[in-house]
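The structure appears right after this line, and notes come after that.
Values quoted throughout were computed directly from the atomic coordinates according to the rules given, and no laboratory measurement underlies them. The shown structure was predicted, so the numbers you read here are calculated from the model rather than taken from an experiment. Virtual Cβ from ideal backbone geometry, glycine too; neighbours counted across all protein chains shown.
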Amino acid sequence: MSQAEHTPRSRETTLFARLSGGGDPDATESANGLRIAASLSMTKISDGLIDPKLVLSWLLSALGAPAVFAGALVPIREAGALLPQILLAGAMGRLARKKWMWVAGAALQGVAALLIALAGLGLEGSTAGAAICAALALLALARSACSVSFKVVLGRSVEKTRRGAITGIAGSLASGAVVIFALLLISGLFEARGPVLAAITLAGVLWLAAAGLFATLDEEPGKTGDSAPPPILGTLREDPMLRRFILARGLLVTTALAPPYIVMIAGGEGGAVLGQLGALVLASAAASFLASYVWGRLADRSSRWVLVIAGGLGGLAMAAMPVLGLLGQADNAWVGPAVLFVLMLAYHGVRQGRSTYLVDMAPEDKRAAYSAVANTLIGCILLLAGALGGSLSLLGPEAALAGFAALSALGGGLCLGLREVETA
C-alpha cells in the first residue's frame with residue numbers, strides 16, 4: 001500500500017526537479033510547484049486570448065464602438081491591475097491561507113471574460129464599448145488580487161532557487177498555445193466575429209479551471225494581521241533597495257508602452273502586415289515562448305542581471321526603429337516584426353526579472369506589503385510614462401520611441417546598483 005502511494009509522488013517529485021533545474025524538493029513542494037505552473041499556464045493562455053491591445057480592440061471595431069473605447073482598453077487593463085493592490089494587500093492580511101485571494105481573483109477574471117463574450121454577442125456600438133470596458137475594469141481588479149497574492153503563495157510554496165523556473169515554464173507553455181491562436185488569426189479564419197468570441201469564452205473557462213486547480217494547493221496557514229493597507233512611505237523608508245527597485249522597474253514599463261509606436265513607424269507598405277490581428281500576438285507569443293524559460297532560469301541565478309540585460313535590450317530595440325526610419329528602412333516588411341520581436345524579448349525579461357527579484361528580496365512577512373507598494377507606485381509611473389509618450393508622439397512616433405529607449409536604458413543602469421538577492 002505504501003509503495004503504491006509512493007510511486008506517483010516519486011514521479012511528481014522527479015518531474016518537478018527536472019523542470020526546476022534539480023535540487024531535492026520534497027513531495028509537497030513538488031505537487032504545489034506543478035499545480036502553480038499549470039494554473040499559471042492557463043491564466044497566461046487566457047491573457048493571450050483576450051489581449052486588450054489586439055483582440056478586444058479588434059472586437060470593439062467589429063462591433064462599431066467609437067474609437068475612444070478602444071483607446072481606453074490598455075490603460076484600464078494595466079493601471080487597473082496595479083493601483084488597487086495597496087488596498088488588497090491589507091485585506092489579504094486577514095487570510096490565513098493567501099491562496100484564496102488568488103482563487104477568487106482568477107474566478108472573477110473568468111466571469112469578467114464571459115461577460116465580455118456576452119456583450120459581444122448581444123450589443124453594438126457605444127453600448128457594447130461601455131459594457132466591454134466595464135467588464136475589463138472588473139477583470140483588471142480581479143487580476144490585481146491575483147498579482148498581490150501570487151508572489152506570497154509562490155514564496156511560501158516553492159524554494160527560492162526554483163521559483164523563476166516555475167514561472168518561466170508556465171510562460172513558455174502558454175506562449176506555445178498563443179502562437180497557435182495567432183497563426184489561426186493570421187490564417188483568415190478569424191475574420192468573423194464568432195471565432196473571436198469563442199476564444200474569449202475559452203479564456204473565461206480557463207480562468208475558472210485555474211481557480212479550481214489553485215484551490216488544491218497544500219498551503220500551511222500563516223499569520224493573520226491588521227487589515228489596514230501597508231503604509232507606502234513607511235515601507236519605502238525601511239528598505240532603500242526597494243526604492244531603487246521601484247524606480248528602475250518604473251522606467252522599464254516603457255517596454256510595455258512602446259509597441260504601438262513601432263506599429264505606427266512601420267506603416268505604409270509594411271503596415272499591412274503588422275495591421276493584421278494576429279501579427280503582434282504572434283511576435284509577442286513567439287518571443288515569450290523562446291524567452292520565458294531562459295529568463296526564468298537566469299533569474300534564479302541573478303534576477304538583477306535579468307533586469308539589467310532586458311533594460312538594455314529594450315532600449316536598443318526602441319532606438320533601432322527611429323534610426324531605421326531615418327535610413328528609409330522602416331517600411332520594409334520584415335523590419336517592424338523583427339524589432340517588435342526583440343522588444344518583446346526584453347519585455348518578457350523585465351516581467352520575469354521583476355517578479356523573481358521582488359519575491360526574493362522581500363522578507364517573508366512583508367512580501368504582500370512590498371508587492372502592493374511596488375505595484376501601486378509602478379502603476380502611477382506607468383500612467384506618467386504613458387502621458388510622456390503621448391506628448392512626445394506629437395513630434396512623431398520616433399520621438400516617443402527615442403524617449404522610451406533612454407528611459408529603458410536608464411532603468412537597466414539603475415538595476416546595476418541593486419544588491420544580489422538569489423545568493424543572499
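Could you work out the relative contact order of the chain? I mean the mean sequence separation of Cα pairs under 8 Å and 6+ apart, divided by the number of residues, in percent. This gives 24 percent for the chain. How many angstrom lie between the Cα centre of the stretch 126-188 and the Cα centre of the stretch 332-369? Answer, in whole Å: 13.
Which of the three applies to the stretch 357-424, rounded, prolate or oblate, going by the alpha-carbon gyration tensor with a ≥ b ≥ c and a/c under 1.5 meaning rounded? Oblate, since a/c reaches 1.5 and b/c is not below a/b.
When the P(r) of the stretch 28-221 is calculated, the portion above 27 Å amounts to 29% of the C-alpha pairs. Each residue of the stretch 320-331 was assigned a 3J(HN,Hα) from its phi angle through the Karplus expression (A = 6.51, B = -1.76, C = 1.60, θ = phi - 60°), giving 5, 5, x, 4, 5, x, 5, 7, x, 9, 5, 8 Hz with x at Gly and Pro.
For a quick check: with amide H placed at 1.01 Å from N, whose amide H comes under 5 Å from Ala65's, ignoring anything fewer than 5 positions away on the same chain? Placed amide hydrogens put Gly125 under 5 Å from Ala65. With respect to the chain, whose longest principal axis is taken over its alpha-carbon atoms, helix 99-122 is tilted by about 30°. In order along the stretch 375-386, the Karplus-derived 3J(HN,Hα) couplings, from 6.51 cos²θ - 1.76 cosθ + 1.60 at θ = phi - 60°, round to 5, 5, 5, 5, x, 5, 4, 4, 5, 5, 5, x Hz, and Gly and Pro are given as x.
If I fit a long axis through the Cα atoms of helix 160-187 and take the longest principal axis of the Cα atoms of the chain, what angle between them do I get, 0 to 90°, rounded to 10? Long axis of 160-187 versus the principal axis of the chain: about 30 degrees.
Could you work out the longest stretch of the chain that avoids the GluC sites (Glu not before Pro) located in DSSP loops with at most 12 other Cβ atoms within 10 Å? After excluding every exposed loop site, the longest remaining stretch is 1-190. Backbone phi angles across the stretch 337-354, fed through the Karplus curve with coefficients 6.51, -1.76 and 1.60 (θ = phi - 60°), yield HN-Hα couplings of x, 5, 5, 4, 4, 5, 4, 5, 4, 5, 4, 5, x, 4, 4, 5, x, 5 Hz in residue order; Gly and Pro are listed as x.
Using the rule -39500 (n - 2.57) for each DSSP H run of four or more residues, divided by the residues of the chain, the 222 nm mean residue ellipticity is -27000 deg cm²/dmol.
Comparing mean-square fluctuations of Met361, Met101, Met344 from a GNM of the chain with C-alpha springs under 10 Å, the top value falls on Met361.
The alpha carbons of the stretch 95-209 occupy a box of 48, 32, 19 Å along the principal axes, longest dimension given first. Sites listed here are chymotrypsin sites (Phe, Trp or Tyr not before Pro) in the stretch 278-373 whose DSSP assignment is loop and whose Cβ has at most 15 other Cβ atoms within 10 Å: Trp334. Exceedance of the 18 Å cut-off in Cα-Cα distance is limited, within the set Lys160/Lys223; Lys98/Lys151; Lys53/Lys99; Lys53/Lys151; Lys44/Lys160; Lys44/Lys98, to Lys160/Lys223; Lys53/Lys99; Lys53/Lys151; Lys44/Lys160; Lys44/Lys98. Rounded to the nearest 10 degrees, the angle from helix 397-415 to the longest Cα principal axis of the chain is 20 degrees.
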